[in-house]
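To start, the structure under review is shown below, and the notes come after it.
The values are calculated or read from the model by the stated rules, or taken from the named source; none is laboratory data. Because the structure is a prediction, the values reported are computed rather than measured. Neighbour counts run over all protein chains shown; Cβ positions are idealised from the backbone, glycine included. To get the accessible areas, we keep the full protein, side chains included, count just its heavy atoms, and leave off ligands, DNA and RNA. Shrake-Rupley method; radii C 1.70, N 1.55, O 1.52, S 1.80 Å.
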There are 2 protein chains.
Amino acid sequence: VQRLRRLLHQKHARHGDRAFVAEGTKVVSAALDAGAPIEALYFDAGADLSPTAVAVVERARATGVRVFPLAAGVMERVADAVTPQPLCAVIGFSDVALSGLAPGVVVVLVDVRDPGNVGGIIRSADAAGAAGIVVCEGSGDPYNPKTVRASAGSLFHLPLVLAADPEELRRELSARAVATVGAVAHGGVDYAAGGLDEPLALFFGNEAAGLPADLTARLDHLVTVPIAGGAESLNVAMAATVICFELARRRRSGSAAPLSMTP
Amino acid sequence: VQRLRRLLHQKHARHGDRAFVAEGTKVVSAALDAGAPIEALYFDAGADLSPTAVAVVERARATGVRVFPLAAGVMERVADAVTPQPLCAVIGFSDVALSGLAPGVVVVLVDVRDPGNVGGIIRSADAAGAAGIVVCEGSGDPYNPKTVRASAGSLFHLPLVLAADPEELRRELSARAVATVGAVAHGGVDYAAGGLDEPLALFFGNEAAGLPADLTARLDHLVTVPIAGGAESLNVAMAATVICFELARRRRSGSAAPLSMTP
């Protein structure tokens, strides 16, 4: 229980142990579906478990996951969620190296801070068929419990890379012939104007400040989602969703260049 | 102060008075920019106001808005926001009738409950150049303080219609030759396949249950945002954003049919 609490509330504990907590029946069920490395499952022995929750516990047991009951009230004290969940699981990290991503569209988060935005972008990028997501240091931790919830299971599907420095990452992507594209609020070309050929990496910046100027100066392309009406700006998660789905649309309609990834 | 509290926390108080509270410098500033009917502005006399906040108070005064200081601590007790804001304003409703909307794309919310989703859709629809939004009874109140925050000022730009019954609304739209289009998680045509000619109304349903079956059966078209990867679904606000921006993209690229609205 001490460990659960630390893994939920302390980023350094998660990254030290390379493990995090997923809360709730739906998210744990998604982890089981995806074959995520579940270390242990905990359920609230004081709660009246739903049939779905019971089924998840049974499936976990059947796949050899250690299952522990928690005394009534313990889950509420430990949990991050406002609505305490009947079960949670400790799951090992399964991030990959950049070289482990398939060719296609890679989303890169530079200083995206809000856990809900990070989780929402993971969900949208997965739904739009992105090849993976790179979370740079300075961004919200992808294993933050709020992010895990907001990702709605996509954290277990979308290959994740943890990167240190965005400039180092940019160089590595360029060396792999992946085009680097920054999303900027103003001054980029219309994201829908075409010309974004895969493989490419889409960089998104901080909610308030955007991408750092020294980074945008070095990226291959800058794109902007044109804003109509009186709206001041688009939330970063919304902008990422719009661009990822535009790339998915082009892929479906066959207008995108054929995929290829060198070396 | 009693009234502020009621307007923040009680939907029936807001709709009885046809007034709501906007919290925070940015949102109140957006209300001033848009010429929203501000009845009164309150600021925290105990707070060290930022220069931006002071400027907003001065602008409000200059336009004849009544300005009241609140004793230290009052704003914290009244406020809805977790981070108490230095100022807030009571603003009159300015919803319009359906006939008051310009032709184009109208977004219709049927049973979209989460205040953050309602506000996020208002923001995205505005940014994508929609003609307006219709919020049906049963959806989250567009004047809920969380929704006002999430709309990031777009509530003051995007024409808003409050509607009672979605089926009645559908009939009224059809009578005006506006195509009715439902967004469904599965089984609709690809939203990007074309053929959605303006004027049209996009209906979005409940976060869990989607649109009611008797309504979808009567709509002119059903569209789906295809989901790639292992993602289970797209959040309703993300789906609305994707579809609204696809329509905006087509409008920019000139591939949409010329706008016309009868009668």
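Centre-to-centre separation between the Cα atoms of the stretch A:34-57 and those of the stretch B:181-204: 38 Å.
Cα convex hull, the stretch A:136-263: 135 Å³ per residue, rounded to a whole number.
Put simply, chains A and B cover up around 2500 Å² of each other's accessible surface, both sides summed, when a 1.4 Å probe is used.
Round to the nearest 0.05 the FRET efficiency obtained for A:Ala13 and B:Val67 when R0 = 60 Å and r is the Cβ-Cβ distance.
Once rounded, the FRET efficiency stands at 0.80.
Using a probe radius of 1.4 angstrom, the carbon and sulfur fraction of the accessible surface of the stretch B:197-254 is 50%. Per residue, how many Å² of accessible area does the stretch B:1-80 show with a 1.4 Å probe? Per residue, the stretch B:1-80 has an accessible area of 51 Å². Per residue, the stretch B:103-164 exposes 23 Å² of accessible surface when a 1.4 Å probe is rolled over the protein heavy atoms with every protein chain present.
Each principal axis of the protein assembly as shown carries a Cα extent, and these read 65, 54, 53 Å when sorted largest first. Mean per-residue shielding of peptide B:113-126 is 2, counting Cβ atoms of other chains within 10 Å of each Cβ. Once you have a ≥ b ≥ c as the square roots of the Cα gyration tensor eigenvalues for the stretch A:44-188, tell me rounded if a/c is under 1.5, and otherwise prolate or oblate according to whether a/b is larger than b/c. Note, shape of the stretch A:44-188 comes out prolate.
Note on A:Cys244: accessible area approximately 10 square angstrom, rounded to 10, probe 1.4 Å, nucleic acids and ligands left out.
Shielding of peptide B:220-226 by partners, expressed as the average count of other chain Cβ atoms within 10 Å per residue Cβ, is 2. What does the charge count near A:His15 come to, summing +1 for each Lys or Arg and -1 for each Asp or Glu among other residues with Cβ under 12 Å from its Cβ? That works out to 0. When the solvent-accessible area of the stretch B:1-147 is split by element, carbon and sulfur atoms take up 51 percent of it, the probe being 1.4 Å. Partner shielding of B:62-69 amounts to 0, given as the average count of beta-carbon atoms from other chains within 10 Å of each residue beta-carbon.
Can you bin the stretch B:1-85 into rounded, prolate or oblate? Criterion: square roots of the alpha carbon gyration tensor eigenvalues sorted a ≥ b ≥ c, rounded for a/c under 1.5, prolate for a/b above b/c, oblate for the rest. Cα axes put the stretch B:1-85 in the oblate bin.
Plainly put, the stretch A:96-146 has a radius of gyration that is 0.95 times its Kirkwood radius, both from alpha-carbon atoms, as the Rg/Rh ratio. When every Cα-Cα distance of chain B is counted in 10 angstrom steps from zero, the calculated P(r) takes the values 7, 30, 31, 19, 11, 2 percent.
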